[in-house]
Structure formats: C-alpha cells, structure tokens
Amino acid sequence: MPASTQPDVMDKLVSLAKRRGFIFQSSEIYGGAGSVWDYGPLGVELKKNLKDAWWHAMVRLRDDIEGLDAAILMHPRVWEASGHVAGFTDPLVDCRTCKGRFRADKLQDARCPQKPSKRPGEAEQCQLTEPRLFNLMFKTFMGPVEESAATVYLRPETAQGIFVNFLNVQQSTRQKVPFGIAQIGKAFRNEITPGNFIFRTREFEQMEMQFFVEPGTDMEWFQFWKEERMRWHQGLGLAAARLNYHEHQGSELAHYARAAFDIEFDFGGTLGFQEVEGIHNRGDFDLSRHQEYSGKKLEYFDQPKNKRYLPYVIETSVGADRTTLALLVNAYREETVQGEEEGRTVLRLSPSLAPIKAAVFALTKKDGMPEMAHRIASSLRQHFPTDYDETGSIGKRYRRQDEVGTPFCITVDGESVKDGTVTVRDRDTLSQDRIAADAVRDYVRERIA
Ligand code: ATP
C-alpha cells in the first residue's frame, strides 16, 4: 500500500458533516451507539446520488444486468452454505493493560487507547493476549421464542441474496449467461475495531454485482470488470492519483477466490490508501455450495451449446458509506479567495453528486427581490434540489453553499426586478454570468447532468 501524501482532513470533515447536516452520530443524545452513523438532510441526498449513479451505470445502462432487492433476513442455512457461520471471523486480541480490543491483522492501523502515539503492543507495559477468532455476524431470533432453532443472522453481505435468487432472476428475465444481478442494501458486521468515521461501521450499505459467466471465460470478464469499476470511480470525480489497485496474493486471497483486486482510495493522513471496492473471481464456489446445502440444482442450461454447467462468478462489491467518505475527503478544500481575508471551505463535489444543485438569494429583503427569488426557487425545485437563503451578507451566503458543495448560486438583485435577469455564480471558478431568469433551469440542468 503506497504511503499517503495527502493531508488528514478527517476531524474537520466530521465536524463539518455534523454542523451542516451530512452525518450525525447515531443516538447521540444517549452518548452515541458504537460506530453507527445517521445521515442528515444533506448526507442522505449525497449518498442517494451516489447509489443512483451506481444503479444507473450497473443496471439501467446495461441490458445484461438485472436489479434485485433481497431481504436482510435469510434462511440460516444460507450462512452455513456460504461459509460465514464457520469462517466469517477476524482474529481478536485483548490488551490486558488498557483493556483495549483490536483486530490482530490490523494492529498497524490501530492506536493504544491510553497512549494514542503508540500502536497496540508497542508501549512498554502493554500485554496482548494470543489472537482468538471472533465471528462478525449479528445474531437474532425469528419469531417469539428465543431458542437456537430460531436463530437468524443480519446479513453480513448482500451477495448471498443474489446467489440464492440466481435461477429466479435468470428464468424470469430469460437472461443468457453471461449476465449479472445487482443490488444495493444494508449489511451488518460486528466489527472488532470499527472507526474512522463512516469508513468502518457496524451497519453499512453495499452495492454489489455478481456477474455469472461460463467457466473458462472468467479471467477475461474479471479483467473487464476490474477496469470498468476503476473507470466508474474516476467518473465520480475521485482524483486518479488517489486511486490504486491492490492485488490479493498468497494468504490474502480467500480460499475459494481465483483472483482478487481491491480498488483503493487514498483517504489521507495515517489511514492512507484503503479498499473501497473488491473485485473477485469467485469461481463456482457460491453456487456449488448452495446447490449442495439446499439440494436444489442451480445449473444453467446453455441451449446453443447444449450443455449444463454451474457458472463462475465475478463479483464487484463496493461500500456506499465508504465511497461517500471518499467523495467527501476528495472534495474537501480550504482555499484563499482574492480580496477576502477569511478564505473559504469548499466541497468540490461533482455537480451530479452534490446534495443541493442551486441556491437562490435575494440581494436585499425589499423591492420585490424576495418574491422573485422565491418564485425562481420554487420553479427550480420541480427539477432539482434547490435552497433559498436571504439571511446574512451575500458573501456569507456563498460561503455557506460552498461548504456543502452547491455548484450554482443565483442572485436576484435590483436589476433583476427591472429586466428579468439574474446572476449565476459558479462554485469552482467563482465566475458570474448574468442570464435571463427563465434560462436558469436549463443553464443549471446542463451542468449537473
Ligand atoms: P475490510 O478488509 O476493510 O474489512 P472486506 O475485505 O471485509 O473489508 P468486503 O467484504 O470485500 O470487505 O466488502 C466489500 C466492500 O464493503 C468494502 O470494499 C467496503 O467498501 C465495504 N465494507 C465492508 N465492511 C465495511 C464496514 N464495516 N463498514 C463500511 N463499509 C464496509
């Protein structure tokens, strides 16, 4: 993993996210729930835009991928077949001195809670236990009786909902291999050391796609998806220099995987380059296990070739929350502004992802300006998220919008009331165009697509 050359903006982002309504700590008034986060008014828009971008690219634009929304709770045998009951574990070590709990394989990323300048095991009196395996699945009970026969799990990944529906989707849509199934949904992992804001949480959303291919064509498709997914991340506006492939080798490669790459993003500071998406060639591991455990044939019949086989699976699995964090880290800037002492904080989010697309201001609260600005704002709101603001100086209002990444600010001034024109100010270039109020909708729409 290459070292990061980017600054650590995490603390500043956590504070901005709370102050401006992107992300709040869950159950904050009770002291917070461990590493669970709530998305506020702006955060929910940003994450939704990200999920829509994924759905558009993976499902809507392709005729060989179908969408799915499988339930979180599944038959408990699913998790035996998938290997999660026996093997979805992380090695856990305890510190006898500070009582901290750490993932043995991630000690290099952890900090001693008592001496944050040291890693666990580094401080003199620090005594770590031998690693023991800890299953990350959350257990609960189905129905009113809390007995082991009623145990169910909150899914730790969305993929299994796709595997068990492979034939349902294939037969109902009459798709031919190669084809894929995509879904977005919640996953739950009782992580030993969650943290770094929404980077590693216990409840999160995944966007996963399983592409079913004929054995023998798998490495070609693996290569295709590896490149395609990197292009997608770049298309979100993530800087190319902050993106990287990491190949799984040796013991890192899961026993069933034929090949695996992570797409990593440079989160800056000590976190540095970390996985945001995994691309895996899973062979026929999943379908063959479900076939064995369910006793139901899951083979695909290839009519033209007159043969039956279990397809191999190329999986692309990306975290919606982790990518939201990548977008925020990538977009965050503190800039000086010519002629202004204070400077500004700006989120240079891609306009298509920005939570608010346009903000409308009345220069002053008189001479018909607020009425005209309200009219413009409510007509723009029919087409994209639009804010209205009439408080504070225009400079302050620009700063408020910059800080949440709004790409366009529209000001109604004295001239507007007379000749029907307004100014449109661009977040990134700070340039201002004077255009007809009637043309604002198309002006913004063309630039946020
Ligand atoms: P890690 O090694 O970071 O725990 P993983 O290799 O177990 O991750 P996968 O099972 O491949 O992760 O999950 C695919 C994607 O789901 C990850 O790339 C990440 O974006 C997201 N993800 C996984 N676990 C979490 C989590 N606890 N919190 C937020 N996102 C997660």
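Listed here are the residues, each with its yes/no results for (1) under 24 Å from R119 (Cα atoms); (2) under 16 Å from the mean Cα position of the chain (by Cα); (3) outside the structural domain of R400 (by TED's automatic domain parsing).
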site	(1), (2), (3)
E28	no, no, yes
G34	yes, no, yes
V44	no, yes, yes
K51	no, yes, yes
V59	no, no, yes
R96	yes, no, yes
Every residue from segment 257-270 that is surrounded by 21 or more Cβ atoms within 10 Å (Cβ to Cβ) and part of a loop (DSSP other than H, G, I, E, B)
F267
Only residues that are among the small types (G, A, S) and in a strand (DSSP E or B): list them for segment 318-354, please.
G319, G343
Residues that are among the hydroxyl-bearing types (S, T, Y): which strands (runs of 3 or more DSSP E) entirely in segment 59-110 hold 1 or more of them?
89-94
Do we find a residue being within 13 Å of the ligand (Cβ to nearest atom) and closer than 23 Å to P355 by Cα anywhere in segment 250-268?
yes
Can you tell me which of V85, V59 is under 16 Å from A187 (Cα atoms) and either touching a residue at least 24 places away in the same chain (Cβ under 8 Å) or within 15 Å of the ligand (Cβ to nearest atom) (or both)?
V85
Looking across segment 284-317 at residues that are within 16 Å of the ligand (Cβ to nearest atom) and not in a helix (DSSP H, G or I), the single one that is surrounded by the fewest Cβ atoms within 10 Å (Cβ to Cβ) is S317
Whichever residue in segment 391-438 is of a type in the set (V, I, T) and assigned to a loop (DSSP other than H, G, I, E, B) and, among such residues, is nearest to V337 (Cα to Cα)
T429
Matching residues, segment 2-27, being farther than 19 Å from F267 by Cβ and in a strand (DSSP E or B):
F24, Q25
Quick one: in segment 141-182, which of the residues that are of a type in the set (V, I, T) and over 24 Å from the mean Cα position of the chain (by Cα) is farthest from the ligand (Cβ to nearest atom)?
V145
Hits in segment 214-241 - residues which are crowded, with 20+ Cβ neighbours inside 10 Å and farther than 22 Å from H56 by Cα
D218
Tell me which residues, restricted to segment 183-216, are touching a Pro at 6+ places or on another chain (Cβ under 9 Å), near the ligand (Cβ under 9 Å from one of its atoms) and within 20 Å of I314 (Cβ to Cβ).
A187
From the list D389, D413, D402, which residue is among the charged types (D, E, K, R) and crowded, with 21+ Cβ neighbours inside 10 Å?
D402
Please list, ordered by first then second residue, the pairs with beta carbon atoms under 6 Å, 6 or more apart or interchain, first in segment 257-281 and within 16 Å of L13 (Cα to Cα), second within 9 Å of the ligand (Cβ to nearest atom) and modelled with pLDDT of 95 or more.
F267/Q274
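The values are calculated or read from the model by the stated rules, or taken from the named source; none is laboratory data. What you see is a predicted model; the values in this text were computed from it and never measured. Positions of Cβ are backbone-derived with ideal geometry, glycine not excepted, and every protein chain shown enters the neighbour counts.
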